[in-house]
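Report on the following structure.
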Amino acid sequence: MEIPYTVSARPDTGLYNARLGIWLFLASEVMLFGGLLSGYVLLRTGALQWPHGWARLSVPLATVNTIVLISSSVTMAMAVAALRRKNLARGRACVLATIGLAATFMIVKLLEYREHFGAGELPSRDNFFATYYTLTGLHAVHVAGGILVMTYLAGPGAGLWSRAPERYTHRVETAALYWYFVDLVWIVLFPVLYLS
Amino acid sequence: MIGGMRETWRRAAAAAALAAWPAAALACPVCFGGAEGPMRDGLNAGILVLLAVTAAVLAGFAAGIVTIVRRARLQAIAAQEHA
């Protein structure tokens, strides 16, 4: 039995299976980050004193990371556009560029963590650093997950193109939606943690 | 025997008093009766943020369902006209 709507969109929903699945997954992700953000608001508003993020964290490094992550969303959108135009070579190159930018983000993040660890600013120090490491750490785990998926898509997963190009394009589109979400989360975290 | 009855009545009276004036028995497990202060503000703000996130996700689901129903209706009309 063939599973319907793996390639073509269902007429009434206008969605294929993977796209519906990723939207549901992203809804659960919104709840996960929303819950943590709510905890952050509780701790921050309830604290008698809360330090400014810009006084304890590196705003220049975070700004670089913001630019890097936004650029990676652009390259991911370019990958989807290239695959829709049936250009696999360009599509793969754009996915590889996205992986490179995501890896840059992770390296900068590790440098930032190393600086804090060196200064004895561990999560156990106070609520500020506990929430900082929890929120940015969970986000970094999502970036790492994205790198894994995109590495598969640019590497062994690209073999699907020769058999079912439309399906491969859908897979990259689905990964792109996830990647835009990861980008969006950082765009929320950056001002909340670093600029306020 | 009489002492036991008295004890029972005493307990029943205490329970009735608590039922009539429940605020005395229900201290908030978070602030322990300290109704004012930043902790209460923080808790309220946290609850509001979580409610806003939940409302946004549920609104997204509702909007998606309405869109699907509309599309399905249009599909059915188009199929009838085609037939």
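Would you be able to say whether some residue in region B:61-77 is part of a loop (DSSP other than H, G, I, E, B) and more than 26 Å from the chain's Cα centre (by Cα)?
Kept after step one, since they are part of a loop (DSSP other than H, G, I, E, B), are these residues of region B:61-77: none.
No, region B:61-77 contains no residue that is part of a loop (DSSP other than H, G, I, E, B) and more than 26 Å from the chain's Cα centre (by Cα).
Only one of (1) at pLDDT below 95; (2) surrounded by 14 or more Cβ atoms within 10 Å (Cβ to Cβ) fails for A:LEU189. Which number is that?
(1)
Please list, ordered by first then second residue, the pairs with beta carbon atoms under 8 Å, 6 or more apart or interchain, first in region B:54-83 and among the hydrophobic types (A, V, I, L, M, F, W, C), second part of a helix (DSSP H, G or I) and surrounded by 10 or more Cβ atoms within 10 Å (Cβ to Cβ).
If the second residue must be part of a helix (DSSP H, G or I) and surrounded by 10 or more Cβ atoms within 10 Å (Cβ to Cβ), the pairs left are B:ALA56/A:VAL30; B:VAL57/A:ALA27; B:VAL57/A:VAL30; B:VAL57/A:MET31; B:VAL57/A:GLY34; B:PHE61/A:ALA27.
Go through region B:53-83 and report how many residues are surrounded by 13 or more Cβ atoms within 10 Å (Cβ to Cβ) and over 24 Å from A:LEU15 (Cα atoms).
1
Within region A:170-183, is even one residue among the β-branched types (Val, Ile, Thr) and surrounded by fewer than 17 Cβ atoms within 10 Å (Cβ to Cβ)?
So the first thing to find is which residues in region A:170-183 are among the β-branched types (Val, Ile, Thr), and the list is A:172, A:174, A:182.
If we keep only those that are surrounded by fewer than 17 Cβ atoms within 10 Å (Cβ to Cβ) as well, we get none.
Checking region A:170-183: not a single residue is among the β-branched types (Val, Ile, Thr) and surrounded by fewer than 17 Cβ atoms within 10 Å (Cβ to Cβ).
The values are calculated or read from the model by the stated rules, or taken from the named source; none is laboratory data. From a predicted model like this one, the values you see are computed outputs, not experimental measurements. So basically every Cβ, Gly included, is an ideal-geometry build from the backbone, and we count neighbours across all protein chains shown.
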